[in-house]
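A.B. asks: I'd like to ask you about the structure that follows.
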Amino acid sequence: MIRTFRILVIDDDPGIRDTYREILSDTKSDELLDKGAALFEAKTHRQIQSDQHHYDVILEERGDKGIEIIETSLKEDQPISLIFIDMSIPGKNGAETARLIWEIDEDIKIVFVTAFSEYTPDEITDIVGREDIFYLRKPFNPDEIRQFARALTKEWFLEREKRSLTKDLQRANRELEELNNSLNERVEKQTALLIQSEKMASLGILTSGIAHKLNTPVSTIKENLSKLDQSSGLIKQFVNRSDARRENGSARNNFLSAVGNLDGLIRNSAEEIIKIEKTITNLKAISKSDDTTYRQTDIHEIIDTTLNVIHNDIKQELRIEKEYSDLPEIWCYPQKLSQAILNILVNSVQAAPPDGVISIKTELDIRGKRASDQLIRLTFRDNGSGIAEQDILKLFDPFFTTKPIGEGTGLGLSITYDIVKLHHGDITINSKPGEGTTVTITIPSIP
Ligand SMILES: Nc1ncnc2c1ncn2[C@@H]1O[C@H](COP(=O)(O)OP(=O)(O)OP(=O)(O)O)[C@@H](O)[C@H]1O
Ligand SMILES: [Mg+2]
């Protein structure tokens, strides 16, 4: 491969400039090439012979002209790789010119050429502020010039290659890192979802077991109660007719009041039994956690079932205010939506003060004429502790929690987010620390 290197010569002596041109247009001295090769650790020049050199030599008389050439060469992306500069030139001397040149292009190799009586290498280093200077005494030997040209242009080239390779490597590294991060994130999310669905599944098995076990005793008690009701009627009839009425004293009074209480006790028990039955129905609904059916459902039904689930947890004084609008049924995964709402409500219950208020509002938002433009908006508001501003952006991150270890897994909202997205919806959270939090979900009624 033939490479052309650009070399700049700055010397005010026209004769010397011509000599440079002659020397640098002839590159055949084997012995010297070997020496040059040794400088960059090749065994002989033959190992690098495949890299043929051509020098494009630019001759200049003054330092300021030289600086101009460096500037344009950079602009045109035709960088100069090497400069031979005479120390004694008109205007600024060689070293000062070099310092300015290196400010423009720090990669250029510079060889300082000086007569014996002039500068020492240390003096030049002091002026240019760099150690990597090359130094040549006048009168020079043409072979020395060739050797410098060959070795330094090669080094210049290798340094550039190295830099561009390093840059590529860094870019590749960065890309790899990003990929790795996004993979990690996905694995974390999937794991979180798995854990959650595992949790829901075992909760489901547990609750359906309980519901099933409660069924039989409850129906037995119900039957017994109705029999008891009949019996109590008979007892009363009997007592009213019997001699007991004619008896005097406390024994009679106690007996009559006990019989009178029977009615109330039986009614009350029957009412309680109905509550238990309702709970069982709810447990059954929730326990179908593997129920992934997609169907048209009344969103209010979902909210109410979900509310029933947390009802036991709700602090005694906590108030739930509902403001439901007339809504069409929506196409959804009811079980999943219930889970999403549950996660929001549990957060609110946890954040609200004991006598707090949680309000739930449903609205229809019609954006256009088509049925698919209909959005259902659900707003959950609490007057709880609120969320610190710096946390708002992290709420949907899996495992983000401000709760003590063991209390929150930080999965609630991340799962809610995924479920809302599954329904092609949106979720936003607004909060003011100390005032409360509002979670808004919008879901198209027809996806
Ligand atoms: N209504 C709210 N009021 C105040 N802070 C909230 C509310 N909802 C969420 N947060 C904050 O957001 C964090 C993340 O909520 P998320 O439901 O994802 O996890 P968690 O409740 O901490 O744990 P998990 O739901 O898994 O038990 C909570 O730790 C809490 O700091
Ligand atoms: Mg939560």
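The values are calculated or read from the model by the stated rules, or taken from the named source; none is laboratory data. None of the values given here were measured: they were computed from a predicted structure. Every residue, glycine as well, gets a Cβ built from its backbone with ideal geometry; the counts of neighbours run over all protein chains shown.
A.B. asks: Pairs only if they're at least six apart or on different chains, beta carbon under 9 angstrom, first in region 430-447 and free of Cβ contacts under 8 Å to residues at least 24 places away in the same chain and within 17 Å of ILE360 (Cα to Cα), second hydroxyl-bearing (Ser, Thr, Tyr) and part of a strand (DSSP E or B); list them, first residue then second.
C.D. replies: Pairs found: ASN430/THR437; ASN430/THR438; ASN430/THR440.
A.B. asks: Can you tell me which of (1) touching a residue at least 60 places away in the same chain (Cβ under 8 Å); (2) crowded, with 17+ Cβ neighbours inside 10 Å is the one ASP365 doesn't meet?
C.D. replies: Of the numbered conditions (1) touching a residue at least 60 places away in the same chain (Cβ under 8 Å); (2) crowded, with 17+ Cβ neighbours inside 10 Å, the odd one out for ASP365 is (2).
A.B. asks: Among the residues in region 409-432, are any more than 8 Å from ligand 1 (Cβ to nearest atom) and more than 27 Å from PRO328 (Cα to Cα)?
C.D. replies: yes
A.B. asks: Output the residues belonging to region 417-429 that are assigned to a helix (DSSP H, G or I), without any contact (Cβ under 8 Å) to a residue 24 or more places away in the chain and either touching an Asp or Glu at 6+ places or on another chain (Cβ under 9 Å) or more than 17 Å from LEU345 (Cα to Cα) (or both).
C.D. replies: First pass over region 417-429, keeping only residues assigned to a helix (DSSP H, G or I): 417-422.
Next, only the ones that are without any contact (Cβ under 8 Å) to a residue 24 or more places away in the chain stay: 417, 421.
Answer for region 417-429, where residues must be assigned to a helix (DSSP H, G or I), without any contact (Cβ under 8 Å) to a residue 24 or more places away in the chain and either touching an Asp or Glu at 6+ places or on another chain (Cβ under 9 Å) or more than 17 Å from LEU345 (Cα to Cα) (or both): just LYS421.
A.B. asks: Now for a separate question. Give the residues of region 138-153 that are modelled with pLDDT of 90 or more, under 24 Å from LEU100 (Cα atoms) and in contact with a Ser or Thr (Cβ under 9 Å, 6 or more places away or on another chain), sorted by residue number.
C.D. replies: Passing the criteria: ILE145, ALA149, LEU152, THR153.
A.B. asks: Looking at (1) over 31 Å from the mean Cα position of the chain (by Cα); (2) among the polar types (S, T, N, Q); (3) within 16 Å of ligand 2 (Cβ to nearest atom), which one does SER359 not meet, given that it meets all the others?
C.D. replies: SER359 satisfies every listed condition except (3).
A.B. asks: For the condition assigned to a strand (DSSP E or B) and surrounded by 13 or more Cβ atoms within 10 Å (Cβ to Cβ), what is the one hit in ILE124, ILE110, ILE145, ILE101? Steps first, please.
C.D. replies: Working: ILE124 fails: assigned to a strand (DSSP E or B); ILE145 fails: assigned to a strand (DSSP E or B); ILE101 fails: assigned to a strand (DSSP E or B).
Exactly one residue qualifies, and that residue is ILE110.
A.B. asks: Can you find even one residue in region 415-432 that is of a type in the set (Ser, Thr, Tyr), touching a Lys or Arg at 6+ places or on another chain (Cβ under 7 Å) and buried (at least 17 other Cβ atoms within 10 Å of the Cβ)? Quick ask: steps written out before the conclusion?
C.D. replies: Here is the first cut: in region 415-432, the ones of a type in the set (Ser, Thr, Tyr) are 416-417, 428, 431.
Filter once more, keeping what is touching a Lys or Arg at 6+ places or on another chain (Cβ under 7 Å): none.
Looking for residues that are of a type in the set (Ser, Thr, Tyr), touching a Lys or Arg at 6+ places or on another chain (Cβ under 7 Å) and buried (at least 17 other Cβ atoms within 10 Å of the Cβ), one finds none in region 415-432, hence no.
A.B. asks: OK, next. Among (1) more than 30 Å from VAL218 (Cβ to Cβ); (2) modelled with pLDDT of 75 or more, there is one condition ARG267 misses while meeting the rest; what is its number?
C.D. replies: Result: ARG267 fails condition (1) only.
A.B. asks: Checking TRP156 against (1) farther than 22 Å from ILE58 by Cβ; (2) in contact (Cβ under 8 Å) with a residue 60 or more places away in the chain: exactly one of these is not met. Which one?
C.D. replies: Result: TRP156 passes all but (1).
A.B. asks: Surrounded by fewer than 18 Cβ atoms within 10 Å (Cβ to Cβ) and at pLDDT below 90, is that true of ILE310? Walk me through how you get there before you give the answer.
C.D. replies: Details: surrounded by fewer than 18 Cβ atoms within 10 Å (Cβ to Cβ): yes; at pLDDT below 90: yes.
It is true that ILE310 is surrounded by fewer than 18 Cβ atoms within 10 Å (Cβ to Cβ) and at pLDDT below 90.
A.B. asks: What number of residues in region 373-406 are more than 9 Å from ligand 1 (Cβ to nearest atom), of a type in the set (Asp, Glu) and either in a strand (DSSP E or B) or at pLDDT 95 or above (or both)?
C.D. replies: Qualifying residue count, region 373-406: 0.
A.B. asks: For ARG370, are the conditions met, namely being exposed (fewer than 12 other Cβ atoms within 10 Å of the Cβ), more than 23 Å from GLN335 (Cβ to Cβ) and away from ligand 2 (no atom under 14 Å from the Cβ)?
C.D. replies: On the way: exposed (fewer than 12 other Cβ atoms within 10 Å of the Cβ): yes; more than 23 Å from GLN335 (Cβ to Cβ): yes; away from ligand 2 (no atom under 14 Å from the Cβ): yes.
The answer is yes for ARG370.
A.B. asks: To continue, here is another question. Hey, SER414 hits all of (1) closer than 24 Å to ILE299 by Cα; (2) free of Cβ contacts under 8 Å to residues at least 60 places away in the same chain but one; which does it fall short on?
C.D. replies: (2)
A.B. asks: Can you pull out the residues in region 328-372 that are assigned to a helix (DSSP H, G or I) and in contact with a Pro (Cβ under 8 Å, 6 or more places away or on another chain)?
C.D. replies: Here is the first cut: in region 328-372, the ones assigned to a helix (DSSP H, G or I) are 334-351, 371-372.
Residue satisfying the conditions is SER372 alone.
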